[in-house]
1. If A:Glu122 satisfies every condition in (1) open to solvent by 10 Å² or more (accessible area, probe 1.4 Å); (2) under 26 Å from D:Pro161 (Cα atoms); (3) touching a residue at least 60 places away in the same chain (Cβ under 8 Å) but one, which is the exception?
2. Tell me which residues, restricted to segment D:1-57, are under 14 Å from D:Ala77 (Cβ atoms) and away from chain C (no Cβ under 14 Å).
3. A:Trp219 passes all but one of (1) over 19 Å from A:Pro143 (Cβ atoms); (2) within 15 Å of the chain's Cα centre (by Cα); (3) open to solvent by 10 Å² or more (accessible area, probe 1.4 Å); which number fails?
4. Which ones in segment C:226-256 are open to solvent by 50 Å² or more (accessible area, probe 1.4 Å), within 10 Å of another protein chain (Cβ to nearest Cβ) and either under 20 Å from the mean Cα position of the chain (by Cα) or of a type in the set (D, E, K, R) (or both)?
5. Between A:Val19, A:Val7, which is closer than 25 Å to A:His150 by Cβ and surrounded by 19 or more Cβ atoms within 10 Å (Cβ to Cβ)?
6. Look through D:Ala114, D:Ala188, D:Ala110 and report the one residue that is at the interface with another protein chain (Cβ under 8 Å from one of its Cβ atoms), in contact (Cβ under 8 Å) with a residue 12 or more places away in the chain, surrounded by 24 or more Cβ atoms within 10 Å (Cβ to Cβ) and out of contact with any strand residue (DSSP E or B) (no Cβ under 7 Å at 6 or more places or on another chain).
7. Quick check on this structure: which one of A:Pro115, A:Pro137 is within 24 Å of D:Val132 (Cα to Cα) and of a type outside the set (S, T, N, Q)?
8. Out of curiosity, is B:Val83 crowded, with 21+ Cβ neighbours inside 10 Å, within 14 Å of chain A (Cβ to nearest Cβ) and free of Cβ contacts under 8 Å to residues at least 60 places away in the same chain?
Number of protein chains: 4
Amino acid sequence: MSIRCTVWGENIHERENPVVASIYPDGLHTTIAQALSEDSGIVPRTVTLQDPAQGCSPDILAETDVLVWWGHKAHGAVSDRAVENVTKRVWAGMGLIVLHSGHFSKVFKALMGAPCSLKWREAGERERIWAVNPSHPIAAGLPGCFELEHEEMYGEPFAIPEPLETVFISWFQGGEVFRSGVTYQRGAGRIFYFRPGHETYPTYHDGNVHRVLRNAVRWAAPVGAPRENICDAPNVPVHEALEPIEARGPSLHGPGSAGYR
Amino acid sequence: MSIRCTVWGENIHERENPVVASIYPDGLHTTIAQALSEDSGIVPRTVTLQDPAQGCSPDILAETDVLVWWGHKAHGAVSDRAVENVTKRVWAGMGLIVLHSGHFSKVFKALMGAPCSLKWREAGERERIWAVNPSHPIAAGLPGCFELEHEEMYGEPFAIPEPLETVFISWFQGGEVFRSGVTYQRGAGRIFYFRPGHETYPTYHDGNVHRVLRNAVRWAAPVGAPRENICDAPNVPVHEALEPIEARGPSLHGPGSAGYR
Amino acid sequence: MSIRCTVWGENIHERENPVVASIYPDGLHTTIAQALSEDSGIVPRTVTLQDPAQGCSPDILAETDVLVWWGHKAHGAVSDRAVENVTKRVWAGMGLIVLHSGHFSKVFKALMGAPCSLKWREAGERERIWAVNPSHPIAAGLPGCFELEHEEMYGEPFAIPEPLETVFISWFQGGEVFRSGVTYQRGAGRIFYFRPGHETYPTYHDGNVHRVLRNAVRWAAPVGAPRENICDAPNVPVHEALEPIEARGPSLHGPGSAGYR
Amino acid sequence: MSIRCTVWGENIHERENPVVASIYPDGLHTTIAQALSEDSGIVPRTVTLQDPAQGCSPDILAETDVLVWWGHKAHGAVSDRAVENVTKRVWAGMGLIVLHSGHFSKVFKALMGAPCSLKWREAGERERIWAVNPSHPIAAGLPGCFELEHEEMYGEPFAIPEPLETVFISWFQGGEVFRSGVTYQRGAGRIFYFRPGHETYPTYHDGNVHRVLRNAVRWAAPVGAPRENICDAPNVPVHEALEPIEARGPSLHGPGSAGYR
């Protein structure tokens, strides 16, 4: 079974900024998708903010097992509709990989329920990424640590919920640390945030980064069928209770009521 | 130091439904506040949906260490402004206790980033609440389990994020189970969800429930000063780096840039 | 790649007790192994307490990807050597599935670092197992809940560490609840505890139980090569530091010291 | 209510090594106890490995709310009896603060169920400790980060169970990172591991370290009475079931059986 992976790219810097364009002439999303395609079990495609429905139509998402998200400058331009579509699909089981500046994307913040803020510095400094849980599937095949000679610094405190698992922690040349790889589950969907990937550096041409991305897509792929009705709150009729009971005392809702939302 | 606790009540059922009015003639919020006031270290006050700013003005929240939330019928009527005010205050450190049908409140869903859905049945059946972590501060002074003879059933799967700690699990007469007491942190704020409290039953007159509420308020109270700027993402200047570094390579942001959101 | 699974059976009740012998004439371990073999990707074999090295020799464990453990009467007879062999292998990456009364096995207690105590009652009562995280790989293909008409009751508080994930919670006819399926990681190894399986009932002939066991073995299988040296604490020489540093100040250990244990 | 805190010191290096003796002339345990005594709510006392029962008699532990543990060279000399005494007391509710090289103490390894291994280098390099959860009670009153100019390096991977909460992460001059402050619960007892404290450096004379120690003792103090019987597994008689049931089917244990361990 192949994993259908949609790489969502904001696709602005690479068209407007010559430095970014020189590193990612076809867009960051394309480079990321190419790296994923090296795993024959992953079938990537790309969408961008400029696509119809901002690349987040229900149809596209329904055919997506794992969504990879790279955005930065246009977080505010992503529509509430797009955010709702993505959020609901994650809840139904779609995996989500959020990259770098996506920590401040509407999608990630909505799923975390947290500020997701951090410190940052754009100095092209060295980042060293340590696998603190080297046995985690997302760290498979990686060395104990690897370096990115030029990266933007992200520093703690990173205002995220306590992760389910912390997989990577970064060391920065200028003196900071950062939880660079963290996992969550929201509804039926698995979520992985991965820190590196500033657009003015060739991070998505790095082999170790490629491996993380492929591992993460495999890890986040849903196991069973989508839980399309995960937002429902079914009223279980008294006569269908698993143990025989009789209704007692006063009640507010009539039989078959849908409840309040 | 006393804990300033604001009890938010939707205050609809108790005015419209004679059964609810007979159990909570002054409103659920008032009964809850009275239970809290039995702890001399807690100073409760009440606000309702009908108050100015729906009881969620920045001024009120700024004077609140812990907010207790009971809502049901009018989840949809709570304004986005009110939700944003509460959410930001939780992130800054205000504790939040969400009760019963508040699982579907906008406030709770926004902070969980999850569907928060469940099964339910209004049959006045027996609920037995087990302390699965009896050493947790929120379970202090409670028996190993306690019963509510008449309650609404909430059944798993409860579509919440994996809790930081699971404190209580409920057994229901009709055959279901439910994670009835769960903890989270979002930003600087501590959050506790507590299941019991259907409005047609005298749950908030129960001594064990009172104890849970008082324990929870104490547990959720912030330790230090509010982190008013927790949503900021400060740009750390290169020359202020904790280790001496020099900017290298291309950059996108100019010095002192505020970054994108 | 097939998963090499070793099912460890205490193999006492089924030889000494006619009721158990009638349900599991070839031993519980054999019935469990047969259930696992229905997944063509799992290659099970069985060992017992009566085998050389109590079935826990380094050779056997080195050829084991996932170990399934069923013990009850003879917890105390399991040698410290066997416990150490299993523990070290889990740390190196071997998965471990601990069943039912194995909550009090030396192996499980050593890996949990906790009392692992609980309440119990042997009354052949009904147990209903709810998938509280139905999207977890271990719950794949299961109904929302399933029943075992006759089981021993295990009741909370279950004195285990807060689980990484709670997958199943049980409802018991007599009024108790229990966290029936919980996950952990210790060293590189994944651990799953699954509650049902009292020897006087046909639990391991149940199709839903079979599915949980197969799912759990797949979930617990290690991803990469064993981390044979995970207990080592290497002294990183100063001249091999990833960033250039010079030794400063006094030191206790000489160059190349192995450190204290 | 004051917190009775016992500081356990190995008390070897400070008597044998002139450098350590010059920094901690009265022993590391004494310096630590003095730092704790600055909080009037904490009543510290010291014990050492050289004391009767190695300072871990049941009597001493019964009068201890929180135990602080510093050991290094003589991990192997700590008796199994002492380890068992401490472990059982933690399970009953005693808090435990494990310092620095105590990661390899028998006590910590027994409670973690994990290798607790790490990388290390003794080069007197700079450590910078970041509060990644600055709202946690253990981080109260601290700056966002603080430095220790000379420390031993501990590097990831730190083979511990996924923490309940990660409070601090360290940056090291030589390029490594480390989860320096992590919380757990085992039985009723709260556990905090804190990394800094190599004996050849004046770490326990540092004001920020003092604050962490005092915060941690307050955080780890038990809330209620000790759960002396937490290791028991009571057999709940059928006629005392909370819901009326009748025993059905075969059984292995006679009425009132104590069960197997």
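The values are calculated or read from the model by the stated rules, or taken from the named source; none is laboratory data. This one's a predicted model, so the numbers in the text were calculated from it and none came from an experiment. Note: ideal-geometry Cβ built from the backbone for every residue, glycine included; neighbour counts use all protein chains shown. These accessible areas exclude ligands, DNA and RNA; they are computed on the full protein's heavy atoms, side chains included. Shrake-Rupley method; radii C 1.70, N 1.55, O 1.52, S 1.80 Å.
1. So A:Glu122 meets the others, but not (2).
2. D:Trp8, D:Gly9, D:Asn11, D:Thr48, D:Gln50, D:Asp51, D:Ala53, D:Gln54, D:Gly55, D:Cys56
3. (1)
4. Scanning segment C:226-256 gives C:Pro226, C:Arg227, C:Asp232, C:Glu240, C:Glu246, C:Arg248.
5. A:Val7 is the lone residue from the list that is closer than 25 Å to A:His150 by Cβ and surrounded by 19 or more Cβ atoms within 10 Å (Cβ to Cβ).
6. Sole residue among the options that is at the interface with another protein chain (Cβ under 8 Å from one of its Cβ atoms), in contact (Cβ under 8 Å) with a residue 12 or more places away in the chain, surrounded by 24 or more Cβ atoms within 10 Å (Cβ to Cβ) and out of contact with any strand residue (DSSP E or B) (no Cβ under 7 Å at 6 or more places or on another chain): D:Ala188.
7. A:Pro115
8. Judged against the criteria, B:Val83 is not a match.
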